[in-house]
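The values are calculated or read from the model by the stated rules, or taken from the named source; none is laboratory data. Note that this is a predicted model, so its numbers are computed, not measured. As a convention, Cβ positions derive from the backbone with ideal geometry for all residues, glycine included, and neighbour counts pool all protein chains shown. What goes into the accessible areas is simple: the full protein's heavy atoms, side chains included, and nothing from ligands, DNA or RNA. Shrake-Rupley method; radii C 1.70, N 1.55, O 1.52, S 1.80 Å.
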Amino acid sequence: MFTEMLPIMVAKTTTLLLLLSVGVSAEPAAAPVATDENTFVFTYMLTDTTEDTPLPFWLETTLALNKFHMEYHNRTFHLIRVNNYQEPPMDPIREATMKKQCVGEEEAVENCKNSHRVTHRRTHMTWEKINLVLETLEKGKYEYVMFIDADSYFQTRPNFDPVQDLVSQLVVNDKNVLYANEDWDWRVNQSLVEYIKRTVNTGLILARQSDWTKYYYQKKMYALRVLHQNKNEQLHVRGDIQSNKYNTADNSLIVSGKLYNTNPNYLDISEEDKAHHVHFMGGGKGGLENVDVSKAGSCPHGICLDLDHCLKRDVRKNNVQDTKTFYQNEKSVAYVTIAGLDDDDPARLKQYGVLMSFGKKINATNGAGTAIFMVPDKTVAKYPLKDEERQYLLQHRVQVMEVPWKYPPELHESFNEAATCDDKGLMFLHGLTLTQYKTVVILDPHMRFKVDGNIDSLISCGRQKRFMMSTHPTSPGVISFFPNMKVFDTAITLASEIVFGLKPTIMSVAATSCPEIFMHALYYKMGVSKQVKRRESIQLLDKCIWGRDRSVKDECGKLKCSDAQVHQRGLC
């Protein structure tokens, strides 16, 4: 659910606002349940452009992330876009300061004045969060008002609702406002740790309907508009908490910034995974260019990767005008299927009709890509490839890739207990070594590409160093990734150290296929992201589109079989 409302007011730097109304519980100490009936989620976007002006991609990303998050928790995400904002005239105090400081040569004077104008503009823009929270409280319609900055987003995880958690903490602690501190800042001297715990960042505010809350924010707006105190709102709030002015400290609850409002540029990736609310504050917005968006679909807990957003990022980055031509000319794709060669069926190659599917896809894209048949070499295979089989593959322009093991040479004993493997084992890992390609797409032998289908988004996202798979009980229908020797070496090195088994994350599912179990443990237990580039992580593909089989028939809703880009043989 998504509602865009008429523009109301106010910034080049865009601000995101969530207004939450939560009903009052019958028991004073009990936290109310934040449902869509009693919770209003509101995004306040300030811009000096027209409504037709494209948004920065980082902003599109956070809006999409927060929209999905609220829908996941059965809330509606409302957007109020304020176009052509003009800040109030410069106040007398700043005018006087500018005249006093801006002296000298003409160019230096103009640069100085521009600096003051920018500061004035930004000050009023950031104060709008306080103003809008106050206005909403004064209407008396909502019990709670929450604000988060536009360059921040809630992480969507199963079985946890951050908004509900914050509302509960505020009620249980009987406070009137809630902020997050900056305990994520590792640069702080140890002697200042306690100080930092009280150093709030107003990128997240939760305000409760009370006389004190309205009185406090009225005081703040009076200081800005009448007394012309030009510090930004964050410094005002910090100072009031430190000094307990207006009893602010007594009425405020400060939560950990590592959990809420964390700055990922200063946080270890392992701690970032624990954060419920991430804030690319200040000049760090560029980091959002590489953040993925989730969508609802047939994935564990209904959280899938939004491949369309991934494609849009690639198109913008490479200034692609025609995606069809661009990806047809992108020959650096390896289409792979894998066989364990545990049977000696004379017609076994016919079972791998997927290889012919690869050929059709390659021919349809003017030779873009290479078809590869991955098999164990003769030292490992029970029934190695025969000469006539090699000739057959050659005739169909399929390359043979023989690998020396089905499982890494040293694998922790817990793996056999945690995983259910077919005869392919963990051979897919060898695909990481195909570094002559930008994307590797592995299809299960029972899968086929849709005739005249479009897999641009899958190829695009693989190029962007994502590791993607659709989850199935025994074997992923589709695996796609950017080949990377560093990840391969890390996987082999850590295979003997990982204690396998699923933990509560978006990957915790009933399925126990080899690739899922191994990659989940590799990324989320051993923290491969610490050893490779940030945000190279596992992403889950919607099985109804990427790897549709008979098991997901009841999960696909309005998605027809014809919507599937990869499907089980004979299904669509």
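Before moving on, here are some points about what is shown:
- Listed by first and then second residue, the pairs with beta-carbon distance under 7 Å, at least 6 apart or on different chains, first residue in the stretch 338-358 and at negative phi, second among the β-branched types (Val, Ile, Thr) and open to solvent by less than 20 Å² (accessible area, probe 1.4 Å), are ILE338/ILE442; ALA339/VAL375; TYR352/THR337; VAL354/THR337; LEU355/THR337; LEU355/VAL398.
- When each of THR13, THR35 is tested for being modelled with pLDDT of 60 or more, out of contact with any Phe, Trp or Tyr (no Cβ under 8 Å at 6 or more places or on another chain), open to solvent by 30 Å² or more (accessible area, probe 1.4 Å) and of a type in the set (Ser, Thr, Tyr), the lone residue that passes is THR35.
- One residue from TYR144, TYR72 being among the aromatic types (Phe, Trp, Tyr) and surrounded by fewer than 21 Cβ atoms within 10 Å (Cβ to Cβ): TYR72
- In the stretch 547-570, the residues that are surrounded by fewer than 20 Cβ atoms within 10 Å (Cβ to Cβ) and small (Gly, Ala, Ser): SER551, GLY557, SER562, GLY570
- The stretch 213-229 - residue that is over 13 Å from VAL133 (Cα atoms) and open to solvent by less than 40 Å² (accessible area, probe 1.4 Å) and, of those, farthest from the chain's Cα centre (by Cα): ALA223
- Residue count for the stretch 530-546 under the criterion of being at pLDDT below 75 and open to solvent by 20 Å² or more (accessible area, probe 1.4 Å): the result is 6.
- Residue in the stretch 92-101 that is out of contact with any Pro (no Cβ under 6 Å at 6 or more places or on another chain) and either in a loop (DSSP other than H, G, I, E, B) or small (Gly, Ala, Ser) (or both) present: yes
- When restricted to residues that are in contact with a Cys (Cβ under 7 Å, 6 or more places away or on another chain) and surrounded by fewer than 21 Cβ atoms within 10 Å (Cβ to Cβ), the stretch 420-445 contains 1.
- If you go through the stretch 470-488 and keep only what is modelled with pLDDT of 90 or more and of a type in the set (A, V, I, L, M), you end up with VAL478, ILE479, MET485.
- Test set (1) open to solvent by less than 50 Å² (accessible area, probe 1.4 Å); (2) closer than 23 Å to PHE68 by Cα; (3) not hydrophobic (A, V, I, L, M, F, W, C) - HIS236 fails condition number: (2)
- Among (1) modelled with pLDDT of 90 or more; (2) not in a helix (DSSP H, G or I) - the single one LYS274 does not satisfy: (1)
- For ARG448, the conditions (1) farther than 27 Å from ARG348 by Cα; (2) assigned to a strand (DSSP E or B); (3) open to solvent by 10 Å² or more (accessible area, probe 1.4 Å) are fulfilled apart from (1).
- Test: residue in the stretch 378-391 that is open to solvent by 70 Å² or more (accessible area, probe 1.4 Å) and touching a helix residue (DSSP H, G or I) at 6+ places or on another chain (Cβ under 7 Å): no
- Screening the candidates VAL193, VAL172, VAL167 for the property of being modelled with pLDDT of 85 or more, surrounded by fewer than 13 Cβ atoms within 10 Å (Cβ to Cβ) and β-branched (Val, Ile, Thr) yields one hit, VAL172.
- Residues (hydroxyl-bearing (Ser, Thr, Tyr) and closer than 18 Å to ALA334 by Cβ) located in the stretch 414-464: THR433, THR435, TYR437, THR439, SER457, SER460
- Residue within the stretch 81-93 that is open to solvent by 60 Å² or more (accessible area, probe 1.4 Å), at pLDDT below 80 and under 30 Å from VAL163 (Cβ atoms) present: no
- Residues that are in a loop (DSSP other than H, G, I, E, B) and either out of contact with any helix residue (DSSP H, G or I) (no Cβ under 7 Å at 6 or more places or on another chain) or modelled with pLDDT of 85 or more (or both) do occur in the stretch 117-140, at least one of them.
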